[in-house]
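The values are calculated or read from the model by the stated rules, or taken from the named source; none is laboratory data. Keep in mind it's a predicted model, so treat the numbers as computed, not measured. Note that we place each Cβ from the backbone using ideal geometry, even for glycine, and neighbour counts take in every protein chain shown. The area values use the complete protein model at the heavy-atom level, side chains included, leaving out ligands, DNA and RNA. Shrake-Rupley method; radii C 1.70, N 1.55, O 1.52, S 1.80 Å.
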Amino acid sequence: MSPFEHGETFVLDDGGETDLDLGNYERFLDLNLTRDHNITTGKIYASVIAKERRGDYLGKTVQVVPHVTDEIQAWIERVALIPTDGKDGPPDVCLIELGGTVGDIESSVFLEAIRQFQFNCAKNEFCLVHVSLVPCLGSVGEQKTKPTQHGIKELRGLGLSPDFLVCRSATELLASTREKLGIFCQVPASHVISVHDVSNIYHVPLILHDQNIDQLLFAKLDIFTPKHQQNSHKIPNNFPICDLTKWRAMAQAIDSFDQVVTIALVGKYTGLADSYLSVLKALKHSAIEAGCALDIAWIESSDLEPPTQAQNELDRENQNDTETRSQSRKHAWDLLEKAHGVVVPGGFGSRGIEGMIACAKFCRTRRKPYLGICLGMQLAVIEFARAFLPSPSSGKSYTSAEFDDDYNQAKDSIVKPHHAVVFMPEIDKHHMGGTMRLGARDTLLVSQSPKDEPSLAAIIYGQDKDRVTERHRHRYEVNPQLVPQLENAGLRFIGKDESGSRMEIIELPRSVHPYFFGVQYHPEFLSRPQKPSPPFFGLILAAIGRFDRYYKINLAPPTKKPRI
């Protein structure tokens, strides 16, 4: 999926590559979903076609109704039983998000499937919530209900009547607006829920809770309701209370942070923030835990690169382009200089790579906290190899096989001497779709002598751990043949896969650098509010100068000048 069109690709434990929306659900609800929780039209039609090919339909004409709609319903019923919270047994409630806008042709078959599905459920087993926009127009901010009324009319025409309305608005819904929507949309006014603009996103669960959404849903679905009170319109007083005390304290604390930490995000897709959504959330979770506000300095990696010969020739013809490019480059380096810490996230392709390598060198030599994720780790290795290893026999600079056009066009897969990063041997070189190393995998932490300086990985993950489980998404790895040379030059490979041949974690000793850390996996996918990802949390602590104090480390100053 193109990052510029879809945003990031979110990876699940089982290796499923999904839309970023599943990441939002996992983070807010602290769940671990599966690839089957992501229902797409393609998956449904592929399943129907496979059944027809097997003869499951006995030669009947395959139609949208009933075959496709039945497949959607069967998929929902099957996936609804999969545990997602680490507990045994099926979940109590299955939440289905039917995206898009009512009336869209893309979602029409799913709306029909849901219309049929409601009749296969008892009245207290199905609840329909419609999300709509209530715009505020004019200088007085009048709340307009017509868009919602027409949306409900369209929805009812498709055979679906909502039980609740969740209304997005710039300001809290007025009582008169709730009553008007309740009358014209045929729902109780108490079932019209206001989701208005708030100071930060973590207030949203609180405003829902303040409107008794949990109690209303308990009553609608007869959850925790004694049998003799079921189907009653009154809300029983014995429902469990949703305790959001810690969450409320977090949401309120965010609004009062005084200290600001600036993190430079150096990437290839900075034109769309959603391309790095999980990275941003992981940084946010860590900043909140550290008690500071987060400021992101967006840096397009290509702006850190010196102009090429071709660009110089073009610039001679157009002086304006020369000035614009020079200004962009100066601005990018100024942002990098002023940042308290740097993240270089994952990505694909050769564009902007030399800018990321220059960033890694800047952070290494200037002792600026650095976190490299996937591609960011690989480029840190390439930069270190260029700085400290003898020149390759090929006469070329160290690079990745991914950026070597001659290697990619060749039919063989012979690793060249200048390949510090290589294509993984088990990956299909020619078929790109779904062929990466995906999903949750263990990384073994290298055991250390008690006399050794503790590794960053051991500090941030816990010195009692010998392995960590994180999610992966990559085709390339550090060239294992270069690892001994890199280690002798001072780069530490602290984490490896279970075979011991695939490098997962790199770092520089803390006597050399306060926080220079790279991981082959994507720790951002497992970060949660109030449970931040350790690599990101370590970066934030190092960036604000509280790493040693937080982890209670008494690190003696180096006896000799660090080699950087």
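Screening the stretch 321-345 for residues that are in contact (Cβ under 8 Å) with a residue 40 or more places away in the chain and hydrophobic (A, V, I, L, M, F, W, C) and picking the one that is most open to solvent (accessible area, probe 1.4 Å) gives LEU335. Restricted to helices (runs of 4 or more DSSP H) entirely inside the stretch 1-62, those with at least 1 residues that are in contact (Cβ under 8 Å) with a residue 60 or more places away in the chain, under 14 Å from the mean Cα position of the chain (by Cα) and closer than 21 Å to LYS284 by Cβ are 3-6, 20-29. Residues in the stretch 1-48 that are of a type in the set (Ser, Thr, Tyr) and open to solvent by less than 10 Å² (accessible area, probe 1.4 Å): THR18 only. Residues that are aliphatic (A, V, I, L, M), farther than 21 Å from PRO66 by Cα and touching a helix residue (DSSP H, G or I) at 6+ places or on another chain (Cβ under 8 Å) were ranked within the stretch 78-94; the one that is surrounded by the most Cβ atoms within 10 Å (Cβ to Cβ) is ILE82. Residue-level analysis places VAL109 outside the set of residues that are under 29 Å from HIS203 (Cβ atoms) and either assigned to a loop (DSSP other than H, G, I, E, B) or hydrophobic (A, V, I, L, M, F, W, C) (or both). Of the residues making up the stretch 179-191, those that are within 15 Å of ILE213 (Cα to Cα) and either free of Cβ contacts under 8 Å to residues at least 24 places away in the same chain or buried (at least 16 other Cβ atoms within 10 Å of the Cβ) (or both) number 4.
Filter the stretch 187-207 for residues that are touching a Ser or Thr at 6+ places or on another chain (Cβ under 9 Å) and either closer than 22 Å to PRO529 by Cβ or of a type in the set (A, V, I, L, M, F, W, C) (or both) and give the result.
We begin by selecting, within the stretch 187-207, every residue touching a Ser or Thr at 6+ places or on another chain (Cβ under 9 Å); these are 187, 192, 194-197, 207.
Once the filter is applied, which keeps residues that are touching a Ser or Thr at 6+ places or on another chain (Cβ under 9 Å) and either closer than 22 Å to PRO529 by Cβ or of a type in the set (A, V, I, L, M, F, W, C) (or both), the stretch 187-207 yields VAL187, VAL192, VAL195, HIS196, ASP197, ILE207.
Residues considered: ILE357, ILE353. Of these, the only one that is among the β-branched types (Val, Ile, Thr) and over 23 Å from THR9 (Cα atoms) is ILE357.
Taking helices (runs of 4 or more DSSP H) that fall entirely within the stretch 253-339, which contain at least 2 residues that are at pLDDT 95 or above? Full working, then the answer.
On the way: elements: 277-290, 309-317, 319-338.
Those helices (runs of 4 or more DSSP H) span 277-290, 319-338.
Per the conditions (1) farther than 24 Å from ASP464 by Cβ; (2) in a loop (DSSP other than H, G, I, E, B); (3) at pLDDT 95 or above, the sole criterion not satisfied by TYR521 is (1).
Out of all the residues in the stretch 535-549, which are touching a residue at least 40 places away in the same chain (Cβ under 8 Å) and either surrounded by fewer than 23 Cβ atoms within 10 Å (Cβ to Cβ) or over 23 Å from the mean Cα position of the chain (by Cα) (or both)? Reasoning before the result, please.
Residues of the stretch 535-549 touching a residue at least 40 places away in the same chain (Cβ under 8 Å): 535-544, 546.
Scanning the stretch 535-549 gives ILE544, ARG546.
I need the full set of residues from the stretch 263-300 which are small (Gly, Ala, Ser) and touching a Cys at 6+ places or on another chain (Cβ under 7 Å), in order please.
Just the residues of the stretch 263-300 that are small (Gly, Ala, Ser), to begin with: 264, 267, 271, 273, 275, 278, 282, 286-287, 290-291, 293, 297.
Correct list: empty.
Checking every residue in the stretch 502-516 against the condition of being open to solvent by 50 Å² or more (accessible area, probe 1.4 Å) and either at pLDDT 95 or above or part of a loop (DSSP other than H, G, I, E, B) (or both) gives zero matches. If you go through the stretch 69-96 and keep only what is within 19 Å of GLY159 (Cβ to Cβ) and either part of a loop (DSSP other than H, G, I, E, B) or within 27 Å of the chain's Cα centre (by Cα) (or both), you end up with ILE72, ILE76, ILE96.
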